[in-house]
Amino acid sequence: MVTQDSRARLNVAIVGAGGVAHLHAQALAADPRVVLVAVAEPDAARRAAFAERYAVPRAYASHEELLAAEALDLVHLCTPPGAHREQALAAFAAGADVLCEKPPALSLADLDAMEAAAAAAGRRFGVTFQQRTGTAAGHVKRLLDDGALGRPLLAQCQTLWHRDAAYYAVDWRGTWAGEGGGTTFGHGIHQLDLLAYLLGDWAEVDARLWRLARDIELEDVSTATLRFADGVVAQAVSSVLSPRETSVVRIDCELATVEVEHLYGHGAAHWRITPAPGVPDDVAASWALPTDDEPSGHTPLVRAVVDAVWAGTPLPDVATHARRPLEIVTAIYASATYGTPVTPADLRGDARFRASLAAEVTDLRASDHADLRASDHADLRASDPTDDGKE
Ligand SMILES: NC(=O)c1ccc[n+]([C@@H]2O[C@H](COP(=O)([O-])OP(=O)(O)OC[C@H]3O[C@@H](n4cnc5c(N)ncnc54)[C@H](O)[C@@H]3O)[C@@H](O)[C@H]2O)c1
């Protein structure tokens with residue numbers, strides 16, 4: 001029988017050795033089943049420093065050189081979003097599984113291509129939405145899935161972060177070409193993903209994009225109302241203008257409010273479950289958050305991916321379902337642009353927004369956005385037979 005000790009370790013490489021790559025390297029270093037054999041990074045100084053810091057034996061200037069030279073089980077893509085599609089396709093073609101940083105792709109069409117390539121090559125395709133991980137988040141998901149808290153009714157989803165001009169000075173940030181979208185796409189997507197991980201399929205999005213303060217091509221704030229398939233109504237805001245930063249997901253259910261308030265990661269101490277009046281103490285006690293708590297983060301996410309690659313099994317939910325957050329974010333851009341609620345069916349039939357978040361929004365940006373949206377709304381609402389005139 002093959003044991004962990006007697007098996008060859010998994011050969012893993014990291015592509016892109018910037019900020020987030022350190023979290024991947026540290027998570028890999030903690031796992032005895034893997035060896036970080038190589039890194040690919042075009043910046044020579046960063047490449048050398050990263051290889052030295054994590055004792056990575058081989059370093060390459062590009063992913064092409066890396067994939068040509070190495071036999072890899074797993075490739076971590078820690079590059080800017082615009083590079084993910086091409087690099088994932090190349091890794092699948094080279095026979096490797098991929099763990100890709102969020103956002104997985106610049107568009108749903110790109111994600112289609114990545115998923116199709118993974119399926120055709122028989123490879124795993126994981127995405128790093130690490131807010132889904134952590135013992136407490138798993139516990140809350142089970143409570144919601146089991147109906148222990150009653151029917152979920154109303155939700156809040158806030159990503160109130162602060163990013164200044166220095167943050168946007170990095171060449172790929174702040175532009176449609178480099179980032180593919182603004183704070184909704186780059187930051188809010190984490191909390192929106194956690195919300196959707198807890199609540200399931202979305203049914204409708206009604207949203208606005210705002211650029212209130214930063215000198216960038218993209219939105220610095222978005223506001224959205226989401227409806228989920230099970231009827232939950234959620235309000236979501238994403239911002240890079242908020243000096244007191246916080247990240248919040250709150251769900252009001254029939255029997256309790258469950259909420260998490262954190263910044264970039266959460267443990268049991270960040271979660272709270274408040275019973276509704278009249279809920280018996282023993283029932284509320286049965287919901288208690290775990291005390292043997294592992295916080296959310298790259299470490300549990302990377303471990304879950306390595307577990308699957310090591311065992312030869314499909315990836316678990318925490319590393320898949322990349323389409324759900326990307327669809328919700330795409331729907332926010334589409335709704336804000338067209339001035340009308342957007343459903344999954346609308347999105348499926350909309351070639352423009354499947355292909356790119358940028359094209360249509362960029363057109364709108366050249367006009368007076370707020371005025372245009374107000375008049376769009378007036379026209380659409382007046383012709384909507386289901387609108388009873390209440391606001
Ligand atoms: N999950 C999270 O919490 C989290 C946090 C931060 C960033 N991210 C995501 O990680 C990705 C990278 O973000 P970052 O903050 O580390 O950016 P970064 O700019 O700090 O690092 C990106 C690195 O990739 C390199 N690079 C660029 N093009 C490349 C190419 N074609 N091949 C190889 N390397 C290339 C750059 O030189 C740079 O060193 C983005 O998708 C970002 O959204 C996720």
Practice task
Stick to the Cα atoms of the stretch 133-248, pair each with every other, and give me the Kirkwood hydrodynamic radius in Å at one decimal.
Solution key: 15.2 Å
Handout entry: Equivalent ellipsoid semi-axes, the stretch 1-152, via Cα gyration tensor eigenvalues times 5, rooted, Å
Key = 28, 20, 17
Exercise for the section: Please report, as a whole percent, how much of the solvent-accessible surface of the chain comes from carbon and sulfur atoms (probe radius 1.4 Å). Expected result: 53 percent
Exercise for the section: Only bridges with both residues in the chain count here: give the DSSP antiparallel percent, nearest 5. Expected result: 55 percent
Practice task
Give me the distance between the Cα centres of the stretch 205-255 and the stretch 278-310, rounded to whole Å.
Solution key: 25 Å
Problem - Order by protection proxy (mean Cβ within 10 Å, highest first), peptides 149-160, 133-144 - result: 133-144, 149-160
Problem - Over the stretch 259-310, relative contact order from alpha-carbon pairs under 8 Å, at least 6 apart, % - result: 37 percent
Fill in the blank from the handout: Counting only protein heavy atoms and rolling a 1.4 Å probe, one gets per residue an accessible area for the chain in Å² of 42 Å²
Practice task
Find the centroid of the Cα atoms in the stretch 106-126 and in the stretch 27-44, then give the distance between the two in whole Å.
Solution key: 23 Å
Exercise for the section: Determine, for each peptide in 277-290, 47-60, the mean count of other beta carbons within 10 angstrom over its residues, then list the peptides with the highest first. Expected result: 47-60, 277-290
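Please report, in debye to the nearest 20, how large the charge dipole of the chain is about its Cα centre when each Lys and Arg carries +1 at its beta carbon and each Asp and Glu carries -1 there.
The calculated dipole for the chain is roughly 840 debye.
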Practice task
Run the numbers on the chain and let me know its relative contact order in percent, using alpha-carbon pairs under 8 Å that are six or more apart.
Solution key: 17 percent
Completion exercise
Scaled by the rule-of-thumb 2.2 N^0.38 Å, the alpha carbon Rg for the chain gives a ratio of 1.02
Practice task
Please list the non-local residues whose amide H lies under 5 Å from the amide H of residue 242, H modeled 1.01 Å from N, same-chain partners needing a gap of 5 or more.
Solution key: 161, 162, 163
Handout entry: Highest-first arrangement of 170-177, 318-325, 37-44, where packing means the average Cβ count within 10 Å
Key = 318-325, 37-44, 170-177
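Taking the Cβ of residue 93 as the center, what net charge do the other residues with Cβ under 13 Å away carry, scoring Lys and Arg +1 and Asp and Glu -1? Don't skip to the answer; put the middle values down first.
On the way: positive: 85, 123; negative: 64, 86, 97.
Local charge sum for residue 93: -1.
The values are calculated or read from the model by the stated rules, or taken from the named source; none is laboratory data. Note that the structure is predicted; figures quoted are calculated from it, not measured. Heads up, the Cβs are rebuilt from the backbone with ideal geometry, glycines too, and the neighbour counts pull from every protein chain shown. Quick note on the areas: whole protein, heavy atoms, side chains included, nothing else; ligands and nucleic acids left out. Shrake-Rupley method; radii C 1.70, N 1.55, O 1.52, S 1.80 Å.
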